[in-house]
Amino acid sequence: MIKAAYLHIPFCEHICHYCDFNKVFLKGQPVDEYLQALEQEMLLTLNKYPTEKLQTIFVGGGTPTSLNEKQLERFCESITRNLPMSRNVEFTFEANPGDLTIEKLQILKDAGVNRLSLGVQTFNDDLLEKIGRVHRAKDVYQTVDNAKSIGFDNISIDLIFSLPTQTINDFMESLAQAFTLDIQHYSAYSLIIEPKTVFYNLLQKGKLPQPGEDTEAAMYELLMEQMEKHRFNQYEISNFSKPGYESKHNLTYWNNDYYYGFGAGAHSYVNGWRRSNAGPLKKYMELIDSGNLPIFQEHQTSKAEQIEEEMFLGLRKTDGVSISHFIEKFDIDPLKIFENEISDLIAKKWIEVKKDNIYLTKKGRLLGNEVFQSFLGVTNELLS
C-alpha cells in the first residue's frame with residue numbers, strides 16, 4: 001500500500017552554491033503550466049496506481065514557497081482535491097527563511113499544511129553569504145515567530161556542517177542559536193560536494209577551503225552530544241526530534257516503503273518499481289501533455305536488491321532493522337543471510353544486535369557509508 005507522496009517544485013529565486021537538486025531560476029519560467037502538468041500527473045498516477053488514504057505528503061524543491069500567493073493557493077487546492085489524505089496526515093512544506101510571508105503562511109495553514117521544514121543551514125551570516133544563501137539569521141527568527149503566530153507547532157530546520165572555512169566554534173554557535181528557537185525537529189547534514197555545482201567547480205580549481213575529515217567528524221560528534229543534552233532524540237543518522245515529532249514522511253524512505261513522486265525529476269517507489277521523472281521542465285510537460293506518465297527511467301527491484309535496501313536504509317534509523325519485520329517481509333533471517341558481514345561489523349564495534357534489532361553504534365554512525373557498503377552485492381550470490 002502506498003502511504004506517502006512527494007511533490008517537487010523546481011523553482012528558485014536564487015541558486016545555492018552546493019545544491020544539485022533539480023531546479024531552475026524562477027524568472028521567466030512557465031510556472032502556471034507546470035502546476036497544471038503536476039495536477040495532471042497526480043490524476044494519471046492515481047488512476048493507474050490507486051491507493052487509500054495517504055499518511056504523509058511532502059512538498060520540496062527547489063523552493064515551493066517561491067510561488068506567488070495565487071499560485072501557492074492554487075497548488076495547495078490541487079493537492080487537497082486530488083490526493084486522498086488520512087485525517088491525521090503529516091503535510092510538510094519546505095521553505096526558505098525570509099520568503100515565507102505571513103500571507104503565504106496563512107495559505108499553507110488554511111490548506112491543511114501542519115509541518116514546516118526551513119532551510120536554515122547556518123546562523124553565521126558570513127557563511128550564509130559564502131554558500132549562496134540570501135537569508136540571514138534574523139530572518140530565521142522572524143519566520144519561526146511568524147509561523148508560530150499563525151498556529152504552526154511542528155517546525156523543523158535544516159543545518160549543514162563542514163562548510164568551507166567553518167570552524168567547530170562556528171558550528172557550536174549555530175547549534176546554540178538553533179536551540180533558542182523552541183522548535184520540534186532538526187536535520188543536520190555534512191556538506192557533500194556534488195558535480196554541476198558552484199562548489200564543485202571551485203574545488204576543481206583548488207579554491208574551496210574545506211575543514212577536513214577530522215573536523216567534520218568532530219562536528220558530528222558535537223551535534224550528537226548537543227542534541228542529546230537538549231533532549232532531542234536522534235532517531236536517524238541526521239535527524240533529531242522531540243518525542244512524537246519524528247518526520248513520518250522521511251521514515252517512509254528509511255523503512256523502505258512505497259511512495260509516489262510527482263513533479264519534474266521526482267523519484268517514486270511503487271509496487272516494486274523505482275522510477276524517476278524527466279527533469280527538464282519542457283520534457284516533463286510534453287510527456288504529460290501527451291497523456292503519458294513523465295517517466296525518464298524505471299527499474300523493477302529484484303528480491304536481492306530489496307533485501308539489501310532494507311538493510312542499508314533501515315540501519316540509518318537509530319532503532320535499526322527489526323529482525324522480525326525483516327523475516328515477515330522477506331521470509332529470510334537477516335542474521336543468517338548476512339552472517340559474515342554482521343559478525344565482522346560487530347567485531348569492529350560498528351553495529352550491535354540486541355533482542356529484535358540490528359543497529360549502528362555511535363562509532364558506526366560516524367562510518368555509516370562504510371557499514372552500508374558491507375551489505376551490497378552479498379544477496380545476489382545467496383539467492384541465485
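The values are calculated or read from the model by the stated rules, or taken from the named source; none is laboratory data. All values derive from a computational prediction rather than experimental measurement. We place every Cβ from the backbone using ideal geometry, glycine too, and count neighbours over all the protein chains shown.
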Checklist outcome for this item: Matching residues in segment 102-125 (part of a loop (DSSP other than H, G, I, E, B) and either at pLDDT below 95 or within 15 Å of Tyr141 (Cβ to Cβ) (or both)) number 3
Next on the checklist: Being in contact with a strand residue (DSSP E or B) (Cβ under 7 Å, 6 or more places away or on another chain) and more than 24 Å from Ile358 (Cβ to Cβ) is the requirement here; does Tyr245 meet it?
Outcome noted: yes
Next on the checklist: Can you pull out every residue in segment 337-355 that is surrounded by fewer than 14 Cβ atoms within 10 Å (Cβ to Cβ) and within 29 Å of the chain's Cα centre (by Cα)?
Outcome noted: Lys349, Lys354
Next on the checklist: Please determine whether any residue of segment 233-251 is in contact (Cβ under 8 Å) with a residue 40 or more places away in the chain, more than 19 Å from the chain's Cα centre (by Cα) and assigned by TED's automatic domain parsing to the domain that holds Asn114.
Outcome noted: no
Checklist outcome for this item: The strands (runs of 3 or more DSSP E) lying entirely within segment 178-287 that contain at least 1 residues which are modelled with pLDDT under 95 are 185-190
Item to check | Number of the exception - Pro334 against (1) surrounded by fewer than 20 Cβ atoms within 10 Å (Cβ to Cβ); (2) touching a strand residue (DSSP E or B) at 6+ places or on another chain (Cβ under 7 Å); (3) without any contact (Cβ under 8 Å) to a residue 40 or more places away in the chain | outcome: (1)
Checklist entry - What are the residues in segment 160-172 that are in a helix (DSSP H, G or I) and crowded, with 20+ Cβ neighbours inside 10 Å, if any? => result Phe171
Checklist outcome for this item: Picking from Thr63, Thr56, the residue that is crowded, with 20+ Cβ neighbours inside 10 Å, under 30 Å from Lys207 (Cα atoms) and under 21 Å from the mean Cα position of the chain (by Cα) would be Thr63
Next on the checklist: Residues that are out of contact with any Leu (no Cβ under 9 Å at 6 or more places or on another chain), over 30 Å from Asn201 (Cβ atoms) and modelled with pLDDT under 95: does segment 4-25 have at least one?
Outcome noted: no
Item to check | Ser156 being among the polar types (S, T, N, Q), within 13 Å of Ala95 (Cα to Cα) and touching a residue at least 40 places away in the same chain (Cβ under 8 Å) | outcome: yes
Next on the checklist: Just the residues that are on the phi > 0 side of the Ramachandran plot and crowded, with 16+ Cβ neighbours inside 10 Å, please, taken from segment 295-331.
Outcome noted: Gly320
Checklist entry - How many residues are modelled with pLDDT of 95 or more, among the aliphatic types (A, V, I, L, M) and not in a helix (DSSP H, G or I) if we restrict to segment 132-159? => result 3
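Each row is one residue, and each column tells you yes or no for (1) among the basic types (Lys, Arg); (2) farther than 30 Å from Lys23 by Cβ; (3) in the same structural domain as Gln40 (by TED's automatic domain parsing).
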site	(1), (2), (3)
Tyr284	no, no, no
Ser290	no, no, no
Gln300	no, no, no
Ser322	no, yes, no
Lys336	yes, yes, no
Ser343	no, yes, no
Ile351	no, yes, no
Asp356	no, yes, no
